[in-house]
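Participant: Just dropping this structure here.
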Amino acid sequence: MIAQHYKDMLGSKSVIRQISEWSTARGAEIGYENVFDYSLGNPSVPCPPQFTAACADLLAHTDPVRLHGYTPTLTLPSTRKAVAESLNRRFGMDYTADHIFMTTGAAGALAHAVRCVGVPGQNIVTFAPFFPEYKPYIEGAGLTLRVTPPRCADFQIDFEAFAQLVDENTAAVLINSPNNPSGTAYSEETLQQLADFLTAGKRQIRPPHLPDFRRAVPRDFVRRQGHALPRKILR
């Protein structure tokens, strides 16, 4: 027997998927090159040739049993070490391999993170507009998603509305910048105000046994926009 809440979830069509299906059908009518499809975010440019070469080299020269076998539970130590060193080199941080956990994508990372910091009955606060799959990730872990209404003039954070949603039962605040789907990047001022809010209030909004959790801001993008991320957000 399938649980009713799962039936309900499967019965609700994703707006993103509906737009994608429409754009595909429209492309068949007028030529896909004439359709600006911003639905699923599929690649529109090829990956770097170095990536393709590295994959070909692994397939050609690595023992297939080792190549296709399971990784350690905490993922490959050499990969975690390389990622930590890259972050330290580019952003002046002090990560070690113990700070890094590799996943196959953002979905897996968010699912792990939600379960890591929250317990059933707590809530997580995010900001509209947001990627709709946040909701099943969070509700699947037994938590409630609270959504801060958008500040439509510029899609920065409405801190007055945000403060009303954060309470002693808040396990995490989930931020996404550049935002999906609006594309807006939070300003340095917004990020600093958010960092100050979370730091000032964390003893009241978070049980002491739970770590802070903020979805990592894409640092390269924000640096290119001329914004320096507050260290409180980076960590």
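The values are calculated or read from the model by the stated rules, or taken from the named source; none is laboratory data. Being a predicted model, the structure only gives us computed values, none of them experimental. Quick reminder, even Gly has a Cβ in these numbers, built from the backbone with ideal geometry, and neighbours come from all protein chains shown. Each accessible area value is taken on the protein alone, full model and side chains, heavy atoms only, with ligands, DNA and RNA left out. Shrake-Rupley method; radii C 1.70, N 1.55, O 1.52, S 1.80 Å.
For every residue, the table says whether it meets (1) in contact with a strand residue (DSSP E or B) (Cβ under 6 Å, 6 or more places away or on another chain); (2) open to solvent by less than 20 Å² (accessible area, probe 1.4 Å).
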{"site": "ARG151", "(1), (2)": "no, no"}
{"site": "ASP154", "(1), (2)": "no, no"}
{"site": "PHE162", "(1), (2)": "yes, yes"}
{"site": "ASN180", "(1), (2)": "no, no"}
{"site": "TYR186", "(1), (2)": "no, yes"}
{"site": "ASP196", "(1), (2)": "no, no"}
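Participant: Kindly check whether there is at least one residue in the range 32-41 that is out of contact with any strand residue (DSSP E or B) (no Cβ under 9 Å at 6 or more places or on another chain) and at pLDDT 90 or above.
Facilitator: Looking for residues that are out of contact with any strand residue (DSSP E or B) (no Cβ under 9 Å at 6 or more places or on another chain) and at pLDDT 90 or above, one finds at least one in the range 32-41, hence yes.
Participant: Now for a different question. Give all pairs with beta carbons closer than 8 Å in which a residue from the range 1-25 that is in contact (Cβ under 8 Å) with a residue 24 or more places away in the chain and closer than 21 Å to TYR38 by Cβ meets a residue that is open to solvent by less than 100 Å² (accessible area, probe 1.4 Å) and in a loop (DSSP other than H, G, I, E, B); count only pairs at least 6 apart in sequence or on separate chains.
Facilitator: SER14/PRO132; VAL15/PRO132; ILE16/SER39; ILE16/LEU40; ILE16/PRO132
Participant: Test of understanding: among HIS61, HIS68, HIS99, which residue is under 19 Å from the mean Cα position of the chain (by Cα) and either at pLDDT below 95 or not polar (S, T, N, Q) (or both)?
Facilitator: HIS99
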